[in-house]
1. If I go through segment 34-58 residue by residue, how many of them are in contact (Cβ under 8 Å) with a residue 12 or more places away in the chain, under 18 Å from Q8 (Cα atoms) and not small (G, A, S)?
2. Answer yes or no: is there a residue in segment 3-23 that is part of a loop (DSSP other than H, G, I, E, B), in contact (Cβ under 8 Å) with a residue 60 or more places away in the chain and among the hydrophobic types (A, V, I, L, M, F, W, C).
3. Take segment 24-42 and flag every residue that is acidic (D, E), at pLDDT below 95 and either in a loop (DSSP other than H, G, I, E, B) or in contact with a helix residue (DSSP H, G or I) (Cβ under 9 Å, 6 or more places away or on another chain) (or both).
4. Quick one: V45 ticks every box in (1) surrounded by 14 or more Cβ atoms within 10 Å (Cβ to Cβ); (2) within 12 Å of the chain's Cα centre (by Cα); (3) at pLDDT 95 or above; (4) outside any loop (DSSP other than H, G, I, E, B) except a single one, so which number is it?
Amino acid sequence: MTEVNLPQFGMGMTEGTIVRWLKGQGETVVEDEEIAEVEAEKVTVMVVAPESGTLSKILVQPGETVPVFTTLAIIE
(Lines give C-alpha, C1' and ligand atoms only; values in the text may rest on other atoms or scores of the structure.)
Protein backbone atom coordinates (compact mmCIF):
# COMPACT_ATOMS: atom_id res chain seq x y z
CA MET A 1 0.00 0.00 0.00
CA THR A 2 1.31 3.43 -0.98
CA GLU A 3 -0.12 6.80 -0.04
CA VAL A 4 -0.41 9.49 -2.70
CA ASN A 5 0.22 12.75 -0.84
CA LEU A 6 -0.24 16.34 -1.97
CA PRO A 7 3.31 17.53 -2.65
CA GLN A 8 4.52 21.01 -1.83
CA PHE A 9 5.15 22.41 -5.32
CA GLY A 10 6.59 25.73 -4.08
CA MET A 11 8.06 27.13 -0.89
CA GLY A 12 4.99 29.26 -0.15
CA MET A 13 2.44 26.58 -0.96
CA THR A 14 0.37 25.60 2.07
CA GLU A 15 -2.67 23.95 0.44
CA GLY A 16 -4.12 22.74 -2.83
CA THR A 17 -7.54 22.10 -4.35
CA ILE A 18 -8.29 18.95 -6.33
CA VAL A 19 -9.56 20.05 -9.74
CA ARG A 20 -10.14 16.55 -11.13
CA TRP A 21 -8.94 12.99 -11.03
CA LEU A 22 -7.50 11.70 -14.31
CA LYS A 23 -7.83 8.10 -13.08
CA GLY A 24 -10.78 6.59 -11.28
CA GLN A 25 -10.93 4.39 -8.23
CA GLY A 26 -10.11 0.80 -9.21
CA GLU A 27 -8.09 1.78 -12.29
CA THR A 28 -4.51 0.70 -12.91
CA VAL A 29 -1.84 3.40 -12.70
CA VAL A 30 1.80 3.40 -13.77
CA GLU A 31 4.63 4.99 -11.78
CA ASP A 32 5.04 8.70 -12.70
CA GLU A 33 1.70 8.75 -14.55
CA GLU A 34 -0.35 11.90 -14.00
CA ILE A 35 -3.37 10.94 -11.90
CA ALA A 36 -4.78 14.20 -10.52
CA GLU A 37 -4.94 17.88 -11.38
CA VAL A 38 -4.47 20.28 -8.45
CA GLU A 39 -4.82 24.05 -8.26
CA ALA A 40 -2.35 25.70 -5.92
CA GLU A 41 -1.60 29.42 -5.68
CA LYS A 42 -3.43 30.13 -8.96
CA VAL A 43 -1.32 27.54 -10.81
CA THR A 44 -2.57 24.16 -11.97
CA VAL A 45 -0.14 21.27 -11.40
CA MET A 46 -0.32 17.52 -11.82
CA VAL A 47 0.12 14.90 -9.11
CA VAL A 48 1.82 11.73 -10.36
CA ALA A 49 1.61 8.15 -9.12
CA PRO A 50 4.58 7.36 -6.85
CA GLU A 51 4.44 3.70 -7.95
CA SER A 52 2.53 1.35 -10.24
CA GLY A 53 -0.56 -0.48 -9.00
CA THR A 54 -4.31 -0.01 -8.59
CA LEU A 55 -5.80 3.27 -7.42
CA SER A 56 -7.75 1.53 -4.68
CA LYS A 57 -9.17 4.51 -2.79
CA ILE A 58 -9.64 8.21 -3.53
CA LEU A 59 -9.77 10.13 -0.24
CA VAL A 60 -10.09 13.75 -1.45
CA GLN A 61 -12.80 14.67 -3.93
CA PRO A 62 -12.73 17.38 -6.63
CA GLY A 63 -13.39 20.81 -5.15
CA GLU A 64 -11.87 19.92 -1.78
CA THR A 65 -8.97 22.03 -0.50
CA VAL A 66 -6.43 20.30 1.75
CA PRO A 67 -3.06 21.15 3.34
CA VAL A 68 0.16 20.00 1.66
CA PHE A 69 1.25 16.45 2.49
CA THR A 70 -2.38 15.34 2.99
CA THR A 71 -3.03 11.81 1.70
CA LEU A 72 -5.12 12.15 -1.47
CA ALA A 73 -5.42 8.49 -2.44
CA ILE A 74 -4.13 4.97 -1.85
CA ILE A 75 -2.39 2.75 -4.43
CA GLU A 76 -2.34 -1.00 -3.78
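The values are calculated or read from the model by the stated rules, or taken from the named source; none is laboratory data. Being a predicted model, the structure only gives us computed values, none of them experimental. Neighbour counts run over all protein chains shown; Cβ positions are idealised from the backbone, glycine included.
1. Number of matching residues: 13.
2. So far as segment 3-23 goes, yes, one or more of its residues are part of a loop (DSSP other than H, G, I, E, B), in contact (Cβ under 8 Å) with a residue 60 or more places away in the chain and among the hydrophobic types (A, V, I, L, M, F, W, C).
3. Residue satisfying the conditions is E41 alone.
4. Only one criterion in (1) surrounded by 14 or more Cβ atoms within 10 Å (Cβ to Cβ); (2) within 12 Å of the chain's Cα centre (by Cα); (3) at pLDDT 95 or above; (4) outside any loop (DSSP other than H, G, I, E, B) is unmet by V45, namely (3).
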